[in-house]
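Heads up: the structure comes next, in C-alpha cells.
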Amino acid sequence: MLNKTTWPRIATPVAVLALALTACGSPGKKSHTSTSHKNKPHSRFSAHKNGERGASTAAKAVLKPGQSASRAFKEDTGVKPYYSITARRVDVGTADDAKSLVSNPKDARGKVPATGYVTYRHMAGDTVEEWPRVGDYADVYADGQRGAKVIGGDAPKGCADSDDIKNWKDGQSYTLCNTFLIPADTKRLEIAWTEIGGKPFVWKFPARR
C-alpha cells in the first residue's frame with residue numbers, strides 16, 4: 001500500500017537528526033553521516049554467498065505488499081531467532097515535512113520523506129531480551145536508488161521503538177519503521193530488507209501518479 005499522508009511532526013529537535021551516508025542523487029554528493037552499522041552503504045539489492053542458509057525462497061523473487069518472507073537473523077546480542085518479515089506500506093510526506101526532518105534545509109531540497117512500515121514476527125529461537133536490530137535493515141528505494149535515511153526523532157504512529165522492546169518471544173510481532181528522503185518526483189517505490197552478507201527480500205509498491 002502506498003499512502004500520501006500528513007506528516008507527524010517530530011518532537012525531537014532537528015539538531016539531533018542526520019542523514020545517512022548513502023543518498024539519492026549523483027555519486028560523490030556530500031551529506032551528513034552516521035556511524036551506526038545499520039547505515040553502512042551497500043549496492044542495490046546486492047546478493048552475497050554468505051548468509052544464504054536459513055533464508056526463505058522469497059529472497060529470489062519480488063514480493064507484493066503484505067507478503068511475508070522469513071529467515072534467521074543474528075542480533076547484536078548474539079541470539080539468532082527466526083523472523084517472518086512483511087513489508088506493508090510506504091507513507092509519503094510533503095516537501096515541508098522533509099524540511100522539518102533535517103537541520104540543513106539544503107538537504108531537503110527537492111525531496112519528500114517516505115516511511116517504510118515493516119512487521120517482524122518472532123517465529124522460533126531464542127528470546128531477544130533487548131535492543132533488536134532486525135528492523136534496521138529495511139531500506140526504501142526510489143526509482144531504483146536508496147533514499148537518504150533520516151536518523152533520530154520519535155517513531156511514527158503505528159511503529160514500535162526497537163530500543164523499547166524487551167523479551168521478544170515466539171509469536172510476538174512488532175512493526176518497525178524507517179524514514180528516508182527521496183526525490184519528490186519519484187514514481188516507483190520499493191522496500192528492500194537486506195542483512196549484510198545475505199540475500200535481499202524486495203517488495204514492490206504501486207507506481208505513484
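The values are calculated or read from the model by the stated rules, or taken from the named source; none is laboratory data. Computed from a prediction, not measured in an experiment: that's the story for all the values here. So basically every Cβ, Gly included, is an ideal-geometry build from the backbone, and we count neighbours across all protein chains shown. Just so you know, the surface numbers come from the protein's heavy atoms only, side chains and all, with ligands and any DNA or RNA stripped out. Shrake-Rupley method; radii C 1.70, N 1.55, O 1.52, S 1.80 Å.
State whether the residues of the stretch 58-76 include one that is assigned to a helix (DSSP H, G or I) and open to solvent by 30 Å² or more (accessible area, probe 1.4 Å). Yes, the stretch 58-76 contains at least one residue that is assigned to a helix (DSSP H, G or I) and open to solvent by 30 Å² or more (accessible area, probe 1.4 Å).
Per-residue answers, yes or no, for (1) crowded, with 18+ Cβ neighbours inside 10 Å; (2) aliphatic (A, V, I, L, M); (3) under 13 Å from the mean Cα position of the chain (by Cα):
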position: 93; (1), (2), (3): yes, no, no
position: 96; (1), (2), (3): no, no, no
position: 104; (1), (2), (3): no, no, no
position: 109; (1), (2), (3): no, no, no
position: 112; (1), (2), (3): yes, yes, no
position: 132; (1), (2), (3): yes, no, no
position: 137; (1), (2), (3): yes, no, yes
position: 142; (1), (2), (3): yes, yes, yes
position: 149; (1), (2), (3): yes, no, yes
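Exactly one residue out of 79, 118 is touching a residue at least 12 places away in the same chain (Cβ under 8 Å) and closer than 29 Å to residue 62 by Cβ, and it is 118. Show the residue pairs that are 6+ apart or on different chains and have beta-carbon atoms under 6 Å apart, the first residue being within the stretch 82-105 and in contact (Cβ under 8 Å) with a residue 40 or more places away in the chain and more than 25 Å from residue 204 (Cβ to Cβ), the second being assigned to a helix (DSSP H, G or I) and open to solvent by less than 10 Å² (accessible area, probe 1.4 Å). If the second residue must be assigned to a helix (DSSP H, G or I) and open to solvent by less than 10 Å² (accessible area, probe 1.4 Å), the pairs left are 102/108. Of everything listed in (1) assigned to a strand (DSSP E or B); (2) farther than 18 Å from residue 204 by Cα, the single unmet condition for residue 141 is (2). Residues satisfying the criterion are present in the stretch 158-175 (criterion: assigned to a strand (DSSP E or B), aromatic (Phe, Trp, Tyr) and open to solvent by 30 Å² or more (accessible area, probe 1.4 Å)). Could you say whether any residue in the stretch 184-202 is part of a strand (DSSP E or B), open to solvent by 20 Å² or more (accessible area, probe 1.4 Å) and in contact (Cβ under 8 Å) with a residue 24 or more places away in the chain? No, every residue in the stretch 184-202 fails to be part of a strand (DSSP E or B), open to solvent by 20 Å² or more (accessible area, probe 1.4 Å) and in contact (Cβ under 8 Å) with a residue 24 or more places away in the chain. Looking only at the stretch 77-91, which residues are under 16 Å from the mean Cα position of the chain (by Cα) and either under 15 Å from residue 180 (Cβ atoms) or open to solvent by 10 Å² or more (accessible area, probe 1.4 Å) (or both)? Correct list: 84, 87, 88, 89, 90, 91.
Set side by side, the residues 170, 154, 143, 164 differ, and just one is more than 18 Å from residue 88 (Cα to Cα) and free of Cβ contacts under 8 Å to residues at least 12 places away in the same chain, which is 164.
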